[in-house]
Amino acid sequence: MSATLAVLTRELRLALRSGGGAGLGLAFFLIVVMLIPFGVGPVPSLLAQIAPGTLWIAALLACLLSLDRLFQADFEDGTLDILALSPMPLEGLVAIKAFAHWITTGLPLVVAAPILGVTLNLPESAYWWLVISLAVGTPALSFLGAIGAALTVGIRRGGLLLSLLVLPLYIPTLIFGAKCVTAASEGVEVMPAFLLLAGVTLLTLALTPFAAAAALRMHMR
Amino acid sequence: MPDLGKYGETILTAYAATIILVAAIVIVSLVRSRKIKRQLAELEARRNG
Amino acid sequence: MSIWEFANPVRFMRLTGKVLPWITALAIACLAIGLIWGFFFTPEAINFGSTVKIIYIHVPAATFAINAWALMFVASMIWLVRRHHVSALVARAAAPVGMVMTLIALITGAIWGEPMWGTYWEWDPRLTSFLVLFVFYLGYMALWEAIDEPDKAADLTSVLAMVGTVFAVISRYAVNFWNQGLHQGASLSLDKEEHVADVYYIPLLFALAGFFLLFLALVFLRTRTEIRARRIKALQLQEAN
């Protein structure tokens, strides 16, 4: 247990230290949401209609931004080898790292999203579901990202490849997450979409540490 | 040529696109096969020669 | 004699070398029969007019677009479990062929959609999931290209194939949830009640067989190339040392 906490605090410290990159995702999220009205025009009704999808896609891209650093630095300086030799299973390490990634990138987005929802004229009924769906859906983004990060860890210029590998995996989460918010803003039953979203997240949390750890072992062999 | 009626263009485009794509993958595969086969032959000739 | 005998590259080369010309000839024959029969000698369908002739390329291409991925999935699993190099190379060889099949299904579908649905592209579940499949093929192929060490590349792409399969299937149903579409239901099934009339069915079977054999021939050809390429790499390493 103490090992888990130690790794988690280390990850968080590294991310929050200057140059760690936390906060960049948030800024990116803000910029993408700001660019949308420039692209589609400042019509309130149109913005209200596309707000759920916009916020979800912006969150998805912001999440992607810091993924390539998830294992890269530790892999390059050998920390990952040492961590792999420790009694803690590599699967657990991957899960902690993905969780730390979620705390530093996903969680701020969850908090910031309703504020940006105001600028996009998001219908009032959708705010709660926006927060809930992002809170439930973004962990899946970080964990799926861990697979992509583990697959591309030793590859030079892996960043672009990483997005090509990870973005298709985000499709179910995006569909169900955005559907939650859209359904709430239209006053339709939200639960089906929400339960499916939660299901995808749970499946992801259960499976991805194994896949990502397997990929890391292949790199370190 | 059968009478394709008003959809003639549609059908012919679909067939043409398919033929082009299939031909492309076949040609690419064959060219690479030839190239690799020749390289391997040269390499083995050099080793045995 | 078990199937694992062919995991030996030498045996695989010997066998495929022998059967490849026959498969190719048979593929050309089946495709010629199916497509010429379908194109010249089938009547117009009530709902589709003469566009029904597109079925002879659209349905087989779509079938093998999915089955190519299934082959990659099985081959990757065999590589991970039993570490037969030929298996990993079959997965690699099948990907571009599957991608082209996906592209054919998408393009013929779009062309067919224009007169039938009044639009080239509709975000219909089936079309969309094929687009998703196409993206998965691109990612898989890109990962193979990105890694130099052959065994590591085989390992990592196998993991991607496993994860990709799970998420491609989830996406398929997620897309259904997202939008009900315009697409016809399955036109072929083992259940006799459902499938298309015999006039179209028999040439379609020939076209399916033709596409299958074409797919097989291409995968064999490409796998043979990959095996030779692997041998070249090994020889060059030996010379370098």
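Coordinate-derived values only; no laboratory data. None of these values were measured; they are calculated from a predicted model. Glycine gets a Cβ as well: all are built from the backbone with ideal geometry, and neighbour counts include every protein chain shown.
What the table below lists for this structure:
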quantity: Ranked packing of C:50-60, C:112-122, most packed first, by mean Cβ within 10 Å; calculated: C:50-60, C:112-122
quantity: Acute angle (nearest 10 degrees) that the helix A:2-16 long axis makes with the longest principal axis of chain A, alpha-carbon atoms; calculated: 60 degrees
quantity: On Cα atoms only, tilt of A:171-186 relative to the major axis of chain A in degrees; calculated: 30 degrees
quantity: Expected 222 nm ellipticity per residue - DSSP helices of 4 or more, -39500 (n - 2.57), all of chain C, to 500; calculated: -28500 deg cm²/dmol
quantity: Region C:156-169 - phi-based ³J(HN,Hα) in whole Hz, Karplus 6.51/-1.76/1.60, Gly and Pro as x; calculated: 5, 5, 5, 4, 4, 4, 5, 4, x, 4, 4, 6, 5, 5
quantity: Peptide C:164-177 - average C-beta neighbours from other chains (10 Å radius); calculated: 5
quantity: Residue-averaged beta-carbon neighbours from other chains (10 angstrom radius) around C:218-228; calculated: 4
quantity: Whether region A:2-220 is rounded, prolate or oblate, judged on the alpha carbon gyration tensor where a/c under 1.5 counts as rounded; calculated: prolate
quantity: Contact order relative to length of chain C, as percent, for alpha carbon pairs under 8 angstrom and 6 or more apart; calculated: 33 percent
quantity: Angle between chain C longest axis and helix C:85-117 axis [Cα atoms, degrees, rounded to 10]; calculated: 20 degrees
quantity: Length-normalised contact order of region A:2-220 in % [C-alpha pairs under 8 Å, at least 6 apart]; calculated: 26 percent
quantity: Mean shadow area of the protein assembly as shown, taken as a quarter of the surface of its Cα convex hull (nm²); calculated: 29.6 nm²
quantity: HN-Hα J in Hz across region C:141-148 - Karplus 6.51, -1.76, 1.60, θ = phi - 60°, x for Gly and Pro; calculated: 5, 5, 5, 4, 5, 7, 10, 7
quantity: Distance from region C:73-99 to region C:209-235 (C-alpha centre basis), Å; calculated: 11 Å
quantity: Unsatisfied cross-links (Cα-Cα over 27 Å) in the set B:K35/C:K152; C:K18/C:K53; A:K97/A:K179; B:K37/C:K18; calculated: C:K18/C:K53; A:K97/A:K179
quantity: Partner chain coverage, peptide C:229-235 - average Cβ within 10 angstrom; calculated: 4
quantity: When the convex hull of its Cα atoms is projected in every direction, mean area for region C:28-177 (nm²); calculated: 10.4 nm²
quantity: In order through region A:116-124: 3J(HN,Hα) via Karplus (6.51 cos²θ - 1.76 cosθ + 1.60), integer Hz, x for Gly, Pro; calculated: 6, x, 4, 5, 9, 6, 5, x, 4
